Amino acid sequence: AVPRTRILATGGASHNKKILQVLSDVFNAPVYTIDTANSACLGSAYRAIHGLVAETNVSFADVVKLAPAPKLAVTPTAGAEEV
């Protein structure tokens, strides 16, 4: 089964629940945030690590398994997908 879509919001706007709610309603997906300094760079850093270990057949999932867990911030408003 394909996992459900979810949005990971980082940066300054990720602290604004109203912006996150709009994202959630537009994309009909829950929005998560990570409470990590410089989180916008985090994905690039993990991809760089993955590239360094690529010859060892380590999966990207294994590289990021120790990353901070995202926290659910908002979920889609009921009926928003029909608007």
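Numbers for the structure displayed
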{"item": "Cβ-Cβ under 7 Å pairs, at least 6 apart or on other chains, the stretch 1-25 side of a type in the set (D, E, K, R), far side open to solvent by 60 Å² or more (accessible area, probe 1.4 Å) and modelled with pLDDT of 90 or more", "result": "Asp25/Thr77"}
{"item": "Selection from the stretch 32-74 of residues that are in contact with a Ser or Thr (Cβ under 8 Å, 6 or more places away or on another chain) and either crowded, with 16+ Cβ neighbours inside 10 Å or aliphatic (A, V, I, L, M) (or both)", "result": "Thr33, Ile34, Ser39, Ala40, Leu42, Pro70, Ala73, Val74"}
{"item": "Residue under evaluation Ala29, criteria (1) modelled with pLDDT of 85 or more; (2) surrounded by 13 or more Cβ atoms within 10 Å (Cβ to Cβ); (3) part of a helix (DSSP H, G or I), criterion not met", "result": "(3)"}
{"item": "Residues (within 15 Å of Ala69 (Cβ to Cβ), open to solvent by 90 Å² or more (accessible area, probe 1.4 Å) and in a loop (DSSP other than H, G, I, E, B)) located in the stretch 1-26", "result": "Arg6"}
{"item": "Every residue from the stretch 32-57 that is in contact (Cβ under 8 Å) with a residue 40 or more places away in the chain and part of a helix (DSSP H, G or I)", "result": "none"}
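The values are calculated or read from the model by the stated rules, or taken from the named source; none is laboratory data. It should be emphasised that the depicted structure is a prediction, and the values quoted were computed from it without experimental measurement. All Cβ positions, even for glycine, are placed from backbone atoms using ideal geometry, and neighbour counts span all protein chains on display. For accessibility, only protein heavy atoms count, side chains too; no ligands or nucleic acids. Shrake-Rupley method; radii C 1.70, N 1.55, O 1.52, S 1.80 Å.
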